[in-house]
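S.K.: Once you've had a glance at the structure underneath, I'll fire off some questions.
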Amino acid sequence: MTHTTLPRLVAMLAFFAAILTGTAATADDVTDRSSAVTAATEEATHWLATLDEHHFSDSWSAAAAVMKEGRTEKDWVEDIAGSREMLGKTVMRQLRHAEYASSVRGAPEGSYVTAEYLTQFSKAPPALETLLLTREEGRWRIAGYSIGRAPEQEPPPAANDTAGVNPKPKTKE
């Protein structure tokens, strides 16, 4: 090996080591985020079940400190009980989307998961429940909850519709 080949070899090895190390860190990050989303959505599902069972004080106890700021437990219980009475029983709930973020507008850097559930109540049209979860005291806690009308769903394509191509119209013979 010549003196000019050795530095090139060292540079190439360093380059590949950096790529491999970066890839491993990215893979670990993806795994950590995936685990965070799984754990947070499990907590969100459990918390929503406490609302479904009308255990409103328990839902307050499980909420993050930020959600409790500016209101009392009594106010929370009255507000959520009134909303749930108008909506009726939960007939169906399905996780629609969940996403991890390390920052949320208006909040300090941290670990956050936003979870959206498509929910059908007995007295209301389909709803979209959105929860913001944050890590607090070593566990996921609800930092925000909102409920609104679900977005309109596009109907599934007709059975004879192939990739959106309409068949030729029939002609009279």
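The values are calculated or read from the model by the stated rules, or taken from the named source; none is laboratory data. These numbers come from a predicted model, not from an experiment. In this analysis, Cβ positions are derived from the backbone assuming ideal geometry, glycine residues included, and neighbour counts consider all displayed protein chains.
S.K.: Evaluate the range 102-110: report whether one residue or more is touching a Leu at 6+ places or on another chain (Cβ under 8 Å) and either touching a residue at least 60 places away in the same chain (Cβ under 8 Å) or among the hydrophobic types (A, V, I, L, M, F, W, C) (or both).
M.R.: Yes, because at least one residue in the range 102-110 is touching a Leu at 6+ places or on another chain (Cβ under 8 Å) and either touching a residue at least 60 places away in the same chain (Cβ under 8 Å) or among the hydrophobic types (A, V, I, L, M, F, W, C) (or both).
S.K.: Select from the range 113-163 the residues that are within 21 Å of E42 (Cβ to Cβ) and of a type in the set (D, E, K, R) and write down the one among them that is modelled with the lowest pLDDT.
M.R.: Top of the filtered list is E137.
S.K.: Determine, yes or no, whether E85 is under 20 Å from P151 (Cα atoms) and of a type in the set (D, E, K, R).
M.R.: no
S.K.: Here is a list: R93, R84. Which entry is surrounded by 14 or more Cβ atoms within 10 Å (Cβ to Cβ), under 16 Å from the mean Cα position of the chain (by Cα) and under 28 Å from Q120 (Cβ atoms)?
M.R.: R93
S.K.: Is it the case that some residue within the range 85-96 is in a helix (DSSP H, G or I), farther than 30 Å from V30 by Cα and not aliphatic (A, V, I, L, M)?
M.R.: yes
S.K.: What is the residue count in the range 54-81 for residues that are surrounded by 16 or more Cβ atoms within 10 Å (Cβ to Cβ), of a type in the set (G, A, S) and either touching a His at 6+ places or on another chain (Cβ under 7 Å) or not in a strand (DSSP E or B) (or both)?
M.R.: Number of matching residues: 3.
S.K.: Considering only residues that are in contact (Cβ under 8 Å) with a residue 60 or more places away in the chain and among the aliphatic types (A, V, I, L, M), which ones fall in the range 111-124?
M.R.: V113, A115
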